[in-house]
Amino acid sequence: MGIINSFQNVFRIAELKSRIIFTLALLAVYRVGAHIPTPGINGEELSKFLMERGGVGFFDMFSGGALSRATIFALGIMPYISASIILQLLTVVIPSLGKLAKEGEAGRKKITQYTRYGTVLISIVQSIGIAIGIESMNQGAFVQNPGWAFRLMTMITMTSGTAFIMWLGEQITERGIGNGISLIIFAGIVARFPNAVIGSISLLRAGEMHILLLLFVVVIMIAVIAVIVYVERGQRKIPIQYAKRVVGRKVYGGQSTHLPLKVNTAGVIPPIFASSIIMFPATIAGFISVPWVQSLSRQLAPGTTFYTILYVSMIFFFCYFYTSIIFNPVDIADNLKKYGGFIPGVRPGQKTSDYIYRVLARITFGGAVYLSLVCVLPQFFIKYFKVPFYFGGTSILIVVGVALDTISQMESHLVTRSYEGFLKKGRVRGRRH
């Protein structure tokens with residue numbers, strides 16, 4: 001009854017109600033666009049052909065099936081993710097960009113603008129590559145009028161589609177509820193879940209899948225979701241003590257508090273970034289009928305040893321990299337020293353920043369191990385237990401993580417207006433993206 005009352009409270013707040021409706025409306029627009037075909041391409045026949053060859057992997061999953069049908073939203077939001085990765089890496093390499101990132105709101109707006117330009121550029125390259133690849137498939141059977149006119153039309157259509165999705169995501173973040181980009185990825189993944197359920201039921205009725213195997217998969221999924229929720233809310237609390245200060249006749253400070261460090265500070269960003277980097281060459285290779293390219297595509301397919309090693313390595317890299325961007329121990333140590341705060345047993349200043357860095361490095365390693373296990377272990381179940389439909393730890397991690405983040409924002413609206421929240425014991429803490 002508590003959760004039901006919480007949902008009723010959501011619709012008693014006019015602002016929160018309008019934000020939720022606005023978010024759902026824009027996500028509906030995104031899903032409609034994912035079914036609008038690109039001019040000059042026989043999307044249905046192309047989708048059947050690609051499914052017979054094993055599909056186009058994670059990229060198609062993130063786009064909600066739009067890539068395999070070659071719709072106007074075929075590229076999805078992944079070019080934006082790729083551009084964000086490049087810009088964040090460049091802020092470390094190029095001093096001027098690093099300085100720009102520290103200039104507050106004005107600097108962030110400038111970097112966002114550069115990210116948009118990068119998104120368009122990446123979309124142009126990817127869309128031309130896909131157009132040429134579709135032309136070469138099955139002797140051009142899926143293209144009505146091959147040539148540069150078709151390639152330019154495909155480039156303009158798919159690039160415009162990605163730019164529109166990017167705009168939808170920004171509007172959701174600004175005027176809706178939750179992180180718009182994450183919710184678009186969430187919608188693309190969830191959209192394929194009903195087909196997976198229907199397909200599993202069909203296999204069960206046809207006798208191609210045993211009931212015990214289905215129950216086993218359901219139990220594993222529930223266990224993975226429970227682990228994700230538990231770890232995503234996990235924190236390492238560093239005790240902070242503030243010294244007493246006497247100003248006139250009043251005494252300030254002296255209270256104790258703590259510095260919360262999330263076990264998984266980077267959230268779902270590392271698997272998304274790692275997937276987007278691996279996905280692109282594997283996806284483009286799926287459209288090109290050249291032996292060595294097809295061999296590369298098979299090596300980059302989920303479940304292979306090369307893919308697993310590369311994927312886990314990238315998850316570890318982006319865990320540490322993204323954590324270093326959003327969490328600066330030196331700034332925290334300086335702020336504590338400025339306001340009279342200190343960690344018991346640790347000297348203020350450099351010693352404090354070193355201590356926080358060591359703790360953060362250890363829990364980030366634990367978070368990276370957790371992310372790697374969640375994202376990779378399901379592939380072994382698919383390989384060794386012959387699960388007939390794709391059960392991806394990455395997709396479940398993203399879905400649960402985005403859901404927790406969205407609920408945390410709804411929770412904040414409810415609590416600030418003295419309504420009962422979704423969780424009575426503790427609050428779901430959101431992540432910064």
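The values are calculated or read from the model by the stated rules, or taken from the named source; none is laboratory data. On a predicted model such as this, the values are computed, not experimentally measured, just so you know. Glycine gets a Cβ as well: all are built from the backbone with ideal geometry, and neighbour counts include every protein chain shown.
For the range 228-288, please list each of the strands (runs of 3 or more DSSP E) lying entirely inside it that holds at least 1 residues being β-branched (Val, Ile, Thr) and either closer than 15 Å to Ile363 by Cα or modelled with pLDDT under 80 (or both).
It comes to 235-242, 245-247, 250-252.
Between a residue in the range 366-381 that is closer than 18 Å to Ser276 by Cα and any residue that is of a type in the set (Gly, Ala, Ser) and surrounded by fewer than 21 Cβ atoms within 10 Å (Cβ to Cβ), which pairs come within a Cβ distance under 7 Å, given they are 6 or more apart or on different chains?
Matching pairs, first to second residue: Gln379/Gly303.
Assess whether Leu97 counts as being more than 24 Å from Glu45 (Cα to Cα), of a type outside the set (Gly, Ala, Ser) and in a helix (DSSP H, G or I).
Judged against the criteria, Leu97 is a match.
Residues of the range 22-45 being assigned to a helix (DSSP H, G or I), more than 12 Å from Gln144 (Cβ to Cβ) and touching a Phe, Trp or Tyr at 6+ places or on another chain (Cβ under 8 Å), which ones?
Those that are assigned to a helix (DSSP H, G or I), more than 12 Å from Gln144 (Cβ to Cβ) and touching a Phe, Trp or Tyr at 6+ places or on another chain (Cβ under 8 Å): Tyr30, Gly33.
What residue, of Gly55, Gly43, is touching a strand residue (DSSP E or B) at 6+ places or on another chain (Cβ under 7 Å) and at pLDDT below 80?
Gly43
Of the residues Leu168, Leu183, Leu90, Leu152, which single one is more than 30 Å from Leu46 (Cα to Cα) and of a type in the set (A, V, I, L, M, F, W, C)?
After ruling out the rest, the residue left standing is Leu90.
Would you confirm whether any residue within the range 149-169 is over 21 Å from the mean Cα position of the chain (by Cα) and of a type in the set (Gly, Ala, Ser)?
Yes, that holds for at least one residue.
Could you figure out which of (1) without any contact (Cβ under 8 Å) to a residue 12 or more places away in the chain; (2) buried (at least 21 other Cβ atoms within 10 Å of the Cβ) isn't true of Arg108?
For Arg108, the failing item is (2).
Which residues, counting only those in the range 118-134, are surrounded by fewer than 19 Cβ atoms within 10 Å (Cβ to Cβ) and in contact with a Phe, Trp or Tyr (Cβ under 7 Å, 6 or more places away or on another chain)?
Gly133
State which residue pairs qualify: first residue at pLDDT below 90 and hydroxyl-bearing (Ser, Thr, Tyr) and inside the range 180-192, second residue surrounded by fewer than 20 Cβ atoms within 10 Å (Cβ to Cβ) and not in a helix (DSSP H, G or I) in any location, beta carbons under 7 Å apart, and separation of 6 or more residues or different chains.
Ser182/His433
Evaluate the following for Phe186: is it outside any helix (DSSP H, G or I), out of contact with any Leu (no Cβ under 7 Å at 6 or more places or on another chain) and closer than 24 Å to Pro271 by Cβ?
no
Select from the range 372-396 the residues that are in contact with a Leu (Cβ under 7 Å, 6 or more places away or on another chain) and buried (at least 21 other Cβ atoms within 10 Å of the Cβ) and write down the one among them that is modelled with the lowest pLDDT.
Checking each candidate, the answer is Gly393.
Is at least one residue of the range 299-311 farther than 29 Å from Leu87 by Cα, surrounded by fewer than 19 Cβ atoms within 10 Å (Cβ to Cβ) and either β-branched (Val, Ile, Thr) or at pLDDT 85 or above (or both)?
Within the range 299-311 (the criterion being farther than 29 Å from Leu87 by Cα, surrounded by fewer than 19 Cβ atoms within 10 Å (Cβ to Cβ) and either β-branched (Val, Ile, Thr) or at pLDDT 85 or above (or both)), the answer is yes, since at least one residue qualifies.
Looking only at the range 312-346, which residues are buried (at least 16 other Cβ atoms within 10 Å of the Cβ) and within 25 Å of Pro378 (Cβ to Cβ)?
Val312, Met314, Ile315, Phe316, Phe318, Cys319, Tyr320, Phe321, Tyr322, Thr323
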